[in-house]
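Worksheet for the structure shown next.
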Amino acid sequence: MIEFISSILAGIVIAGVTAFITVNLSLKRFREERWWERRAAAYENVIEALHHSKAFSGVHMDAELERRKVPEERDKELRAKSAQAHREIDRATDMAGFLLGCEARDRLRKYHQDTSDAGRADSWHEYLQLDWDVTNSCLKDLIEIARKDLKTGAREKA
């Protein structure tokens, strides 16, 4: 009888310990997955912002090369998206140490410096070219940084 009770108690203790460990591992995994999702969303927002910033220069550069003007409504839309993009990039740079990796933070800081330097161009066309080059370079770099940071490098590189 004592053996029977002790085997039941041992089973209960083992089940309790197993349940405790399982719940803690599940919660840890859940937290890690949520954190990864937040980091991925932060990278996605910055990459999208860089895309919108690049679009401004790209559309205006194409218009310059074709010797045409960008329609006023399209210009307003591009300027608004570009301004919003720069605010998002500024925000991401400030928060980079929290959600983005250190390499991403450093790359965004370099982007700010490079865009400031582009602002000193001698002509509109030169500004557009410099801005597009700087933004495109940052965009490519940030995609690679995000892949490494989020460990998604196994996917085919674009």
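The values are calculated or read from the model by the stated rules, or taken from the named source; none is laboratory data. As the structure is a prediction and not an experimental result, all values here were calculated from the model. When we count neighbours, we look across all protein chains shown, and the Cβ atoms used for this are built from the backbone with ideal geometry, even at glycine.
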Residue in segment 123-142 that is within 26 Å of GLU32 (Cα to Cα) and surrounded by 12 or more Cβ atoms within 10 Å (Cβ to Cβ) present: yes
Residue within segment 146-158 that is surrounded by fewer than 16 Cβ atoms within 10 Å (Cβ to Cβ), modelled with pLDDT of 95 or more and not small (Gly, Ala, Ser) present: no
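Based on this model, can you work out whether ARG67 counts as in contact with a Gly (Cβ under 6 Å, 6 or more places away or on another chain) and either surrounded by fewer than 17 Cβ atoms within 10 Å (Cβ to Cβ) or not in a helix (DSSP H, G or I) (or both)?
no
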Cβ pairs under 8 Å, 6+ apart, first in segment 87-113 and of a type in the set (S, T, N, Q), second part of a helix (DSSP H, G or I): THR93/ARG105; THR93/LEU108; THR93/ARG109; THR93/HIS112
Only one of ARG91, ARG147, ARG120, ARG109 that is touching a Gly at 6+ places or on another chain (Cβ under 6 Å) and either part of a loop (DSSP other than H, G, I, E, B) or of a type outside the set (Gly, Ala, Ser) (or both): ARG147
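Quick grid of which residues meet (1) closer than 16 Å to THR135 by Cα; (2) in contact (Cβ under 8 Å) with a residue 60 or more places away in the chain; (3) surrounded by 12 or more Cβ atoms within 10 Å (Cβ to Cβ):
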{"residue": "LYS28", "(1), (2), (3)": "no, no, no"}
{"residue": "SER57", "(1), (2), (3)": "yes, yes, yes"}
{"residue": "ALA63", "(1), (2), (3)": "no, no, yes"}
{"residue": "LYS76", "(1), (2), (3)": "no, no, no"}
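From the list ALA40, ALA83, exactly one residue is surrounded by 15 or more Cβ atoms within 10 Å (Cβ to Cβ) and either at pLDDT below 95 or more than 20 Å from HIS112 (Cβ to Cβ) (or both). Which is it?
Answer to the selection: ALA40.
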